[in-house]
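Before any comments, here is the structure.
The values are calculated or read from the model by the stated rules, or taken from the named source; none is laboratory data. On a predicted model such as this, the values are computed, not experimentally measured, just so you know. Here the Cβ positions follow ideal geometry from the backbone for every residue, glycine too, while neighbour counts run over all protein chains shown.
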Amino acid sequence: MRNNLIIILNEKGWTQKKLSEELIKNGINADRTIINKIINSKRIPSLKLTFAISWALNYPIEKIFMPKESEIFNNGNNNNPRSR
């Protein structure tokens, strides 16, 4: 999943550690290594973590995370509404 997390952190003057601390303070177990893996597309965050990151940064989810179409739809299946 592509993301703008590092760009948004830089805009806010936040580090990965600062985001992690904000999440942990609010009961979300996400240390700096988890944040780093998300930034580097080595880990896809859970729905709960996705919402928590959005809330902590005060950014809409869709401005932070952009899933690839193949991650949303099974390309062998015509359930993709864009293909209709």
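Odds and ends about this structure:
- Here residue 22 passes the criteria (1) in contact with a helix residue (DSSP H, G or I) (Cβ under 9 Å, 6 or more places away or on another chain); (2) of a type in the set (D, E, K, R); (3) loosely packed, with under 12 Cβ neighbours inside 10 Å; (4) modelled with pLDDT of 95 or more except the one numbered (3).
- Total residues in segment 1-43, condition assigned to a loop (DSSP other than H, G, I, E, B), closer than 16 Å to residue 66 by Cβ, out of contact with any Phe, Trp or Tyr (no Cβ under 9 Å at 6 or more places or on another chain) and touching a residue at least 24 places away in the same chain (Cβ under 8 Å): 1
- Flag if residue 11 is of a type in the set (Asp, Glu) and surrounded by 13 or more Cβ atoms within 10 Å (Cβ to Cβ): no
- Here segment 62-79 is the region considered, the condition is being within 18 Å of residue 48 (Cα to Cα) and not in a helix (DSSP H, G or I), and the residue that is modelled with the lowest pLDDT is 67.
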